[in-house]
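S.K.: Input: one structure, supplied below.
Computed from the coordinates by the stated procedures, all read-outs in this text should not be read as laboratory data. All values reported here derive from a predicted model rather than from experimental measurement. Cβ placement follows ideal geometry from the backbone for every residue including glycine, while neighbour counts extend to all protein chains displayed.
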Amino acid sequence: MLKIDVHTHILPKDIPDWKKQFGYGGFVTLEHYKPCCARMLKDDGKFFREIEENAWSEEKRIEECDSFGVDVQVLSIVPVMFGYWTKPQDGLEISKFLNDGIVEKVQKFPKRFIGLGTVPMQDTTLAIKELERCKKIGLVGVQIGTNINQLNLGEPQFFEFFKACEELEMAIFVHPWDMVGAKDMQKYWLPWLVGMPAETSRAICSLIFSGTLEKCKNLRVCFAHGGGSFPATIGRIEHGFVVRPDLCAADNQCNPRDYLGKFWFDSLVHEPTMLDYLIKLAGADKVALGSDYPFPLGEHEPGKLIESMPFDEVTKAELLHGAALKWLNLDENIFATD
């Protein structure tokens, strides 16, 4: 059975010296201090995380995919590379470099990789410009963060970008980053354990309550990490909508629960009961295998949770590839081997 992993991240092996090029700091760099390993440094040399060659090597990724039984990976940049904080024109140049790198890998292995681009969301005009270029060079969508410099995705200045995605039929993958409140909970890895799920719910609620999803009914959006805390708190969110419409329904009078089944989640929930609940909530055709490869909070054997559960073959097919193909608007036959 075809297995497509919609949530995998990649980096270029060599990152330009953007501090030198743009004249200011804060950029991510890689320190290749020993074979097959590198240190990610940010904020001008501060250690961020250790990575291995599977973060940049397409050959290593394919080797590991074969061992997991993964046929296709959807490639997106590591979110720390978004660069929304940069000057807009510089952000555009960074996006172009990263997108060209992903396209190169997809073109090299077109039956193993699908590409999502990144765009400078701090400037909607430039974001749309790069979105259009992404489509021309063969990317099928874009990955964006859950907030843009702490502005919610539902803010009016971002609407034209979402409208452009709908019109160009480009898929969107929303990934948590720059977690709200992170500075107040640095201990115990809480930004990743608590902040990330909240960030994803923040993005979903913002796109619903702002009316963006209502105005862009054909937008194809997938939210990372099983939608974060949104599925578990939809009852509270709906209740808030009902009892305080003056606050929650100011820009959209549609019940937030009505949007379940109209966008996608990845399957990265780490818990059988939660995966079963998510499928009952949204439908198997709206839950796509996602592993967060190659990072430690991901599913280390992509698809293992899905395959371990007593789903029928139709449901498993949706989870392992059907939902992904619908979200990306692709035909299964393009991955058929010769």
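S.K.: Identify all residues within the stretch 223-241 that are more than 25 Å from P302 (Cβ to Cβ) and either basic (K, R) or surrounded by 12 or more Cβ atoms within 10 Å (Cβ to Cβ) (or both); write none if there are none.
M.R.: Of everything in the stretch 223-241, those that are more than 25 Å from P302 (Cβ to Cβ) and either basic (K, R) or surrounded by 12 or more Cβ atoms within 10 Å (Cβ to Cβ) (or both) turn out to be T233, I234, R236, I237, E238, H239, G240, F241.
S.K.: T86 - would you say it is in contact (Cβ under 8 Å) with a residue 40 or more places away in the chain and under 22 Å from K129 (Cα atoms)?
M.R.: The answer is yes for T86.
S.K.: List every residue pair whose Cβ atoms lie under 9 Å apart, where the two residues are 6 or more positions apart in sequence or sit on different chains, the first residue falls within the stretch 208-222 and is farther than 14 Å from Q253 by Cβ, and the second residue, located anywhere, is of a type in the set (D, E) and surrounded by 24 or more Cβ atoms within 10 Å (Cβ to Cβ).
M.R.: Cβ pairs passing all conditions: C222/D266.
S.K.: So, L126, is that one touching a residue at least 40 places away in the same chain (Cβ under 8 Å), within 15 Å of S95 (Cβ to Cβ) and not in a strand (DSSP E or B) or not?
M.R.: For L126, the condition - touching a residue at least 40 places away in the same chain (Cβ under 8 Å), within 15 Å of S95 (Cβ to Cβ) and not in a strand (DSSP E or B) - is not met.
S.K.: Quick one: what pairs do we get from the stretch 253-268, first residue basic (K, R), second surrounded by fewer than 18 Cβ atoms within 10 Å (Cβ to Cβ) and outside any loop (DSSP other than H, G, I, E, B), C-beta under 7 Å, 6+ apart or different chains?
M.R.: Every condition considered, the pairs that remain are R257/E238.
S.K.: Which strands (runs of 3 or more DSSP E) sit wholly inside the stretch 14-76 and have at least 1 residues that are within 24 Å of the chain's Cα centre (by Cα) and of a type in the set (G, A, S)?
M.R.: 37-42
S.K.: Hey, any hits in the stretch 124-140 for a residue that's surrounded by fewer than 17 Cβ atoms within 10 Å (Cβ to Cβ) and among the small types (G, A, S)?
M.R.: yes
S.K.: Can you tell which of T86, T29 is more than 25 Å from E299 (Cα to Cα), in contact with a strand residue (DSSP E or B) (Cβ under 7 Å, 6 or more places away or on another chain) and surrounded by 13 or more Cβ atoms within 10 Å (Cβ to Cβ)?
M.R.: After ruling out the rest, the residue left standing is T29.
S.K.: Need the failing condition index for R236 against (1) of a type in the set (K, R); (2) out of contact with any helix residue (DSSP H, G or I) (no Cβ under 8 Å at 6 or more places or on another chain); (3) closer than 18 Å to F265 by Cα, just the number.
M.R.: (3)
S.K.: Determine the pairs where a residue that is free of Cβ contacts under 8 Å to residues at least 24 places away in the same chain, located within the stretch 296-313, has a partner that is assigned to a helix (DSSP H, G or I) and of a type in the set (D, E) with Cβ atoms under 7 Å apart, the partner being 6 or more residues away or on another chain.
M.R.: Listed pairs, sorted by first residue: none to list.
S.K.: Given the conditions (1) among the small types (G, A, S); (2) part of a loop (DSSP other than H, G, I, E, B); (3) within 17 Å of N218 (Cα to Cα), which single one is not true for A164?
M.R.: With (1) among the small types (G, A, S); (2) part of a loop (DSSP other than H, G, I, E, B); (3) within 17 Å of N218 (Cα to Cα) applied to A164, the lone miss is (2).
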